[in-house]
Amino acid sequence: MKKRIGFLSFGHYQPVLGSQARTAKDALIQSIELAEAAEELGIDGAYVRVHHFARQLASPFPLLAAMGARTTSIELGTAVIDMRYENPLYMAEDAAAADLISGERLQLGMSRGSPETALRGSESFGYVPSDGETDADLARTHTEIFRAAIAGAGVARPNPQMSRSTAPLAIEPQSPTLADRIWWGSGTRATAVWAAEQGMNLQSSTLLTEDTGVPFDELQAEQIQLYREAWVAAGWNREPRVSVSRSVIPITSDLDRRYFGGERDSEDQVGYLDGGLARFGKSYTGEPDVIAAQLAADVAVQSADTVLLTIPNQLGVAYNAHLLEQIALHVAPAWGWTSAKAPAAV
């Protein structure tokens with residue numbers, strides 16, 4: 001299994017002391033610049049989180065298109081898009097256009113979303129669940145329409161005054177391989193199984209919205225195993241991809257110590273989220289050799305092909321490039337990762 005790493009930015013911006021991302025423009029431009037820097041370091045992916053009604057990154061496709069135009073090889077993705085908010089056909093057009101600009105490098109993670117700033121925010125965008133429909137149902141319906149559209153399904157009747165064809169019209173443009181690069185952000189074992197049945201890749205983050213009493217990495221590894229078993233049972237003819245997210249901060253400089261030397265979230269946390277129990281994974285902060293050994297023993301990290309590294313984006317491009325470089329040099333090789341810039345074996 002080829003191992004990949006990518007950064008995951010929530011794109012926070014605030015005009016506060018110490019922030020290098022004080023405005024929305026700062027967060028957007030710095031996201032593009034960090035993608036360039038990460039590619040130069042041999043990092044495999046540049047991913048962004050999508051939030052609405054908050055001082056964070058929101059509309060991903062202009063940003064992904066700009067990243068694609070300024071880079072040549074790094075994967076560009078989302079983790080995740082809240083599908084409750086999306087017009088699935090408009091999203092299909094935007095996604096295909098951004099994917100073509102990037103040379104078919106998008107890896108699009110989507111889900112039902114998470115607790116948010118706005119109360120029933122998707123309703124302000126015009127998307128209200130039908131009677132008897134939940135938010136999760138709405139997100140899955142939008143996802144089904146979106147996936148059909150990017151796969152070339154006819155979604156509109158032709159105008160006989162403009163076309164001799166009677167066949168339903170597909171959205172344009174089309175990106176021929178995008179359908180295989182759709183991921184579902186899953187917070188439970190059951191939704192991971194559902195994602196496999198639908199033929200989507202799996203994204204699992206730093207929390208699960210269930211708790212069985214076992215350590216977070218073991219619960220997440222169980223989720224991944226159930227996903228892979230369901231994938232095989234569904235009979236899909238390609239290998240799926242699986243990502244997990246981790247907070248990893250190697251302490252290698254005085255500046256690192258000033259920022260993070262006091263942070264030691266060395267244990268999982270259990271709490272309530274969205275009305276139920278959730279288990280939160282620990283942060284990996286400390287000397288590079290110590291956290292390298294810890295991550296090498298993390299069974300979910302070993303089970304996944306991709307690890308998304310959450311970053312403190314408000315500390316700026318140079319600092320985050322430094323963190324990624326230290327992870328690439330001293331931490332990620334411990335779980336089998338090799339730089340995309342490394343020479344091919346002869």
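Calculated on the alpha-carbon coordinates, the convex hull of region 206-251 measures out at 93 cubic angstrom per residue.
Just the protein heavy atoms count here, and of the accessible area of region 1-135 at 1.4 Å, carbon and sulfur take up 52 percent. Shape analysis of region 3-158 yields a ratio of the Cα radius of gyration to the Kirkwood radius, Rg/Rh, of 0.99. With the convex hull drawn around the C-alpha atoms of the chain, the volume per residue stands at 167 Å³. Divide the volume of the convex hull around the Cα atoms of region 1-52 by the residue count and you get 84 Å³ per residue. Its Cα centre serving as origin, region 131-193 has a Cβ charge dipole (Lys and Arg +1, Asp and Glu -1) of approximately 300 debye. For the peptides 80-86, 66-72, 218-224, the ranking by packing is 80-86, 218-224, 66-72, with the highest mean count of neighbouring Cβ atoms within 10 Å listed first.
If the segment from residue 29 to residue 237 were pulled out straight at 0.36 nm per residue, it would be longer than the present Cα-Cα gap by 71.0 nm.
FRET efficiency for the pair residue 190 and residue 104, taken as 1/(1 + (r/R0)^6) with r the Cβ-Cβ distance and R0 = 30 Å, rounds to 0.40. Counting only residues 5 or more places away or on other chains, whose amide H sits under 5 Å from the amide H of residue 45 once H atoms are built in the peptide plane? Residues meeting the amide H criterion: 5, 6, 7, 75. Translational diffusion of region 77-230, estimated by Stokes-Einstein from the Kirkwood radius over alpha carbon pairs at 37 °C in a medium of 0.692 mPa s, is 194 µm² per second. Normalised per residue, the accessible area of region 1-152 is 42 Å², obtained with a 1.4 Å probe and no contribution from ligands, DNA or RNA. Between the beta carbons of residue 177 and residue 69, assuming R0 = 22 Å, the FRET efficiency works out to 0.70 to the nearest 0.05.
The angle between the Cα long axis of helix 216-234 and the longest principal axis of the Cα atoms of the chain comes to about 30 degrees, rounded to the nearest 10. Taking the Cα of residue 197, stepping 7 Å toward and past its beta carbon, and measuring to each backbone N in region 126-164: which are under 15 Å? Answer for this model: 137, 140-141, 144.
Taking every DSSP beta bridge that has both ends in the chain, the antiparallel portion is near 20%. For residue 3, the aspartates and glutamates whose Cα falls under 13 Å of its own Cα, not counting residues fewer than eight places away in the same chain, are 44, 305. In this simple spin-label approximation, residue 151 and residue 114 carry label points 7 Å from Cα along the Cα→Cβ vector, and these lie 2.9 nm apart.
Computed with the Debye formula from one identical point scatterer per Cα of region 113-162, without solvent, the log10 of I(q)/I(0) at q = 0.15, 0.32 Å⁻¹ comes to -0.58, -1.19. Available extension along the chain between residue 125 and residue 254 is 41.9 nm, counting 0.36 nm per residue and deducting the alpha carbon span. Between residue 87 and residue 318, the C-beta separation translates, for a Förster distance of 30 Å, into a calculated FRET efficiency of about 0.20. Our summary of shape: the Cα atoms of region 159-257 have principal axis extents of 68, 41, 23 Å, ordered from largest down, in whole angstrom. Helix 317-330 and the long axis of the chain differ in direction by around 70°, with both axes built from C-alpha atoms. Mean residue ellipticity at 222 nm, helices only, the chain: -11500 deg cm²/dmol; runs of at least 4 DSSP H residues each add -39,500 (n - 2.57), and the sum is divided by the number of residues.
For the chain, relative contact order (Cα pairs under 8 Å, six or more residues apart, normalised by length) works out to 20 percent. Axis angle, to the nearest 10 degrees, between helix 135-150 and the longest C-alpha principal axis of the chain: 70 degrees.
The values are calculated or read from the model by the stated rules, or taken from the named source; none is laboratory data. Keep in mind the model is a prediction, meaning the values are calculated, not measured. Here the Cβ is made from the backbone with ideal geometry for all residues, glycine too, and neighbour counts use every protein chain on show. The protein model used for the area step is the full one, side chains on, heavy atoms only, and it has no ligands, DNA or RNA in it. Shrake-Rupley method; radii C 1.70, N 1.55, O 1.52, S 1.80 Å.
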